[in-house]
Amino acid sequence: TQLLEQSPQFLSIQEGENLTVYCNSSSVFSSLQWYRQEPGEGPVLLVTVVTGGEVKKLKRLTFQFGDARKDSSLHITAAQTGDTGLYLCADQYNFNKFYFGSGTKLNVKP
Amino acid sequence: GAVVSQHPSRVICKSGTSVKIECRSLDFQATTMFWYRQFPKQSLMLMATSNEGSKATYEQGVEKDKFLINHASLTLSTLTVTSAHPEDSSFYICSASPHGTGTEKLFFGSGTQLSVL
């Protein structure tokens, strides 16, 4: 069984600060996705990365996929209160079947 | 993007009763839907894969007689928590992917918060 570990578990920062969260897998990712989930809601897809070494940017969010495709990072520049939420990485290990990481709970204070 | 509707959003029930949760894909067909369970401040745990027209596939440790899944059409899957107990209290989320498009995108319902008294 694949294990997806995310770090840190919890992160509380001031608005305007930068931050990085990490996702590490016990095996090679098939297809890595990052989601953000707000309390009482379902997760919302942020990005999908497939190729080792791939970097994708989504406004203030930068996603990096490790060369060996076993780790990934999400960097947020100048965090805003709207970035608050649970960040989840996920791997598609079978046709349309996904395992989720342990999650990073981000709180951005005004 | 594709829309997945989940109902109800919140349910409170007495111990011993059964609760049905519906998951609908509103603007696409889904031969496969997924049911997840999430405890407070924790990640999503895959419970089962719901297959249209056939039996659901359950993850290890999930009781199939406890969590009944029915996927009778390409747009609807239901999860019934039978004889619910307080330990079944959790946030249940369904997800689906558009059928036949080759996409790897999962679209999630907004979840159902189940509280068993």
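Things worth noting here:
- Subset of the range B:40-60 (residues that are open to solvent by 40 Å² or more (accessible area, probe 1.4 Å), over 14 Å from the mean Cα position of the chain (by Cα) and within 11 Å of another protein chain (Cβ to nearest Cβ)): B:Pro40, B:Lys41, B:Gln42, B:Gln60
- Yes/no for A:Thr48 being modelled with pLDDT under 95, open to solvent by 20 Å² or more (accessible area, probe 1.4 Å) and assigned to a strand (DSSP E or B): yes
- Identity of the residue in the range A:31-40, within 9 Å of chain B (Cβ to nearest Cβ) and touching a residue at least 40 places away in the same chain (Cβ under 8 Å), that ends up farthest from the chain's Cα centre (by Cα): A:Ser31
- Residue that is nearest to A:Ile76 (Cα to Cα) [pool: residues in the range A:19-45 that are among the polar types (S, T, N, Q) and assigned to a loop (DSSP other than H, G, I, E, B)]: A:Ser31
- For the range B:67-100, a residue qualifies if it is hydrophobic (A, V, I, L, M, F, W, C), touching a Phe, Trp or Tyr at 6+ places or on another chain (Cβ under 7 Å) and open to solvent by less than 10 Å² (accessible area, probe 1.4 Å), and the qualifying residues are B:Leu79, B:Val81, B:Ile93, B:Cys94, B:Ala96.
- When residues of the range B:9-39 are limited to those that are among the hydrophobic types (A, V, I, L, M, F, W, C), more than 9 Å from every other protein chain (Cβ to nearest Cβ) and assigned to a strand (DSSP E or B), the one most open to solvent (accessible area, probe 1.4 Å): B:Ile12
- Pairs with Cβ under 9 Å, 6+ apart, first in the range A:67-85 and over 17 Å from A:Val49 (Cα atoms), second at pLDDT below 95 and open to solvent by less than 20 Å² (accessible area, probe 1.4 Å): A:Gly85/A:Gln37
Residue-wise test of (1) away from chain B (no Cβ under 14 Å); (2) of a type in the set (Val, Ile, Thr); (3) within 14 Å of the chain's Cα centre (by Cα).
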| position | (1), (2), (3) |
| --- | --- |
| A:Gly42 | no, no, no |
| A:Thr48 | no, yes, yes |
| A:Gly52 | yes, no, no |
| A:Thr62 | yes, yes, yes |
| A:Ala68 | yes, no, no |
| A:Ser72 | yes, no, yes |
| A:Thr84 | no, yes, yes |
| A:Leu88 | no, no, yes |
| A:Gly101 | no, no, yes |
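The values are calculated or read from the model by the stated rules, or taken from the named source; none is laboratory data. As the structure is a prediction and not an experimental result, all values here were calculated from the model. Here Cβ is always computed from backbone atoms with ideal geometry, including for glycine, and neighbour counts include all displayed protein chains. Heavy atoms of the whole protein, side chains included, go into the accessibility calculation; ligands, DNA and RNA do not. Shrake-Rupley method; radii C 1.70, N 1.55, O 1.52, S 1.80 Å.
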